[in-house]
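The values are calculated or read from the model by the stated rules, or taken from the named source; none is laboratory data. Computed from a predicted structure; not experimentally measured. Because the Cβ atoms are built from the backbone with ideal geometry, glycine has one as well, and the counts that use them run over all protein chains shown.
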Amino acid sequence: MPTRILIPTPLRVYAGKQDVIEVEGSTVGELLANMTAEYTELRKHLYNEDGRLRAFVAIFVNDDDIRFLEKEATPVKEGDTVSIIPTVAGGGGL
Amino acid sequence: MTTATTDRALTNEEVARYSRHLIMPEVGMDGQLKLKAASVLCIGAGGLGSPVAMYLAAAGVGRIGIVDFDVVDYSNLQRQIIHGTPDVGRPKLESARDSLAAINPEVDIETHDLALSSANALDVFHEYDVIVDGTDNFPTRYLVNDACVLLGKPNCYGSIFRFEGQASVFGAPGGPCYRCLYPEPPPPGLVPSCAEGGVLGILPGVVGTIQATEAVKLIIGAGEPLIGRFLIYDALRMRFRELKLRKDPECPVCGDNRTVTELIDYDQFCGVAPAAAPTADAPPPSDDATVEQLKARLDSRDEPFILDVREPQEYQICNIPGSTLIPLGELPSRLHELEGRGEMIVHCKSGARSAKAVKLLREAGFGQAKNLRGGILRWIDVVDPTLPKY
């Protein structure tokens, strides 16, 4: 049963211009691994050189930040929505 | 939070002006007096700062400070509604002051003509009750967050990109701060700015009014503040979502064992070289091509292959005759279209994306790829001023 991952605007260019990607997996880590296997350009935007999730990209399962759940081992079940929320700095100032 | 000085009554003119507030129980005379006694600092008089400052002035916030050091440009007018066409070329602070005074002459406007830094932020913030962050870069975002946490002042946060906005209230007592959500900034260049990615002109209007709403609620103590909640707005789908934010016990600024107890060097923290960035006038690295050289080549019919790595929308605005468009994001998957090309002059708007493209091309074996220094903006300045700049 695939889980929906919501792709934020700045990363859609690396995800075939899609705003939602459906992938299989039972934990957040599995979902992201399966997604980046298909969309390889996304990988460097989500993970650093050591393979750790980047500190300026927050991952939520439904309403909750996975850093306060079980991080990448956080289980996902049918009907859950995973959101990638990267930091943006824009203030429309320039 | 500020308490109303109840001995300071409203004048008859003020009662008339604020009557739609005064008749609501949630604001009333007490709330309006709290607003009058309150002070709010807007960081930036740009896209977000415009509606924030205008609505706070209209609402009767007694003292509004604005930090900015920029000048109004034509490209600001699509969204920065505190400035008008006659203001182009004026300092934003002057233009903003005039607009706010026209909206509500009762409000004290304080202008801070400075680039916010670790050296001045605490002194400036100290004079205000609420801080509203409408900046457009990561070093200032972290600086504003840390200064607010250190001083115990709430930060009405808003951020925008293309069609998406984010808002929250950080640094309020007991609530999370920006670093609880994003402990570290992205490396420079990985996250595009509005100047690079564009922004829907109306978007800062929506996000800025949310920030202003939160500032007013904090001042009058009404409703549920956006503390511990992250609001995400998608203008294209017209959808609001809310995520839960938690205070991170390990946060270096507001956690149990905090390590940041004074302001740090935020340019260094964000990996940004402080000031003195090379300009288009600086002598080019020997490998780069200049627009003068390109023009001479085109004139002598010794035409090199010109690769434009901007987006199609940008190409439509202006382009160098004979250039081939492959957006930077598509370049890795379209390298085969360049096979057999020897020398290539690669350009973008001002040279940053094309520098990445040249690096990528050289790593892929295209050893004769050269960056056009200063991009098409430099081309327009030097070679063809009839083209529009954007």
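Brief remarks on what is shown
- Single residue of region B:113-158 satisfying the filter (touching a helix residue (DSSP H, G or I) at 6+ places or on another chain (Cβ under 6 Å) and part of a strand (DSSP E or B)) that is farthest from B:Ala37 (Cα to Cα): B:Gly158
- Selection from region B:88-128 of residues that are under 21 Å from the mean Cα position of the chain (by Cα), among the small types (Gly, Ala, Ser) and more than 19 Å from B:Asp267 (Cβ to Cβ): B:Gly89, B:Ser95, B:Ala96, B:Ser99
- Qualifying position, being in contact (Cβ under 8 Å) with a residue 12 or more places away in the chain and within 14 Å of chain A (Cβ to nearest Cβ), among B:Gly31, B:Gly46, B:Gly89, B:Gly62: B:Gly46
- Which listed residue is aliphatic (A, V, I, L, M) and touching a residue at least 24 places away in the same chain (Cβ under 8 Å), from A:Ala55, A:Ala73, A:Ala89: A:Ala73
- Qualifying position, being modelled with pLDDT under 95, under 14 Å from A:Gly90 (Cβ atoms), in the same structural domain as B:Ile160 (by TED's automatic domain parsing) and surrounded by fewer than 17 Cβ atoms within 10 Å (Cβ to Cβ), among B:Gly197, B:Gly189: B:Gly197
- For region B:208-255, the set of residues classified as surrounded by fewer than 15 Cβ atoms within 10 Å (Cβ to Cβ) and either closer than 24 Å to B:Ser39 by Cα or more than 14 Å from chain A (Cβ to nearest Cβ) (or both) consists of B:Gly221, B:Gly223, B:Glu224, listed by residue number.
- Qualifying residue in region B:105-125 (condition: touching a strand residue (DSSP E or B) at 6+ places or on another chain (Cβ under 8 Å) and within 10 Å of chain A (Cβ to nearest Cβ)): no
- Top-ranked residue of region B:322-341 - restricted to ones that are under 12 Å from B:Leu307 (Cα atoms) and in a loop (DSSP other than H, G, I, E, B), ranked as modelled with the lowest pLDDT: B:Arg341
- Residues in region B:156-206 that are among the aliphatic types (A, V, I, L, M) and facing chain A (nearest Cβ under 9 Å): B:Ile160, B:Leu181, B:Leu190, B:Val191, B:Ala195, B:Val199, B:Leu203.
Residues are listed down the side, and each one gets a yes or a no for (1) assigned by TED's automatic domain parsing to the domain that holds B:Asn155; (2) at pLDDT 95 or above; (3) buried (at least 23 other Cβ atoms within 10 Å of the Cβ); (4) not hydrophobic (A, V, I, L, M, F, W, C):
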position	(1), (2), (3), (4)
B:Ala4	no, no, no, no
B:Arg20	no, yes, no, yes
B:Cys42	yes, yes, yes, no
B:Gly47	yes, yes, yes, yes
B:Gly60	yes, yes, yes, yes
B:Val67	yes, yes, yes, no
B:Val72	yes, yes, yes, no
B:Val88	yes, yes, no, no
B:Arg97	yes, yes, no, yes
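- Test set (1) within 13 Å of the chain's Cα centre (by Cα); (2) in a helix (DSSP H, G or I); (3) among the β-branched types (Val, Ile, Thr) - A:Val13 fails condition number: (1)
- Residue ID - surrounded by the fewest Cβ atoms within 10 Å (Cβ to Cβ), chosen from residues in region B:22-40 that are hydrophobic (A, V, I, L, M, F, W, C) and in a loop (DSSP other than H, G, I, E, B): B:Ile23
- Within region A:53-94, if we keep just the residues that are loosely packed, with under 15 Cβ neighbours inside 10 Å and within 11 Å of chain B (Cβ to nearest Cβ), the residue that is nearest to A:Ile7 (Cα to Cα) turns out to be A:Asn62.
- Within region A:1-43, restricting attention to residues that are more than 21 Å from A:Thr87 (Cα to Cα) and touching a Pro at 6+ places or on another chain (Cβ under 7 Å), the residue that is farthest from the other protein chains (Cβ to nearest Cβ) is A:Glu24.
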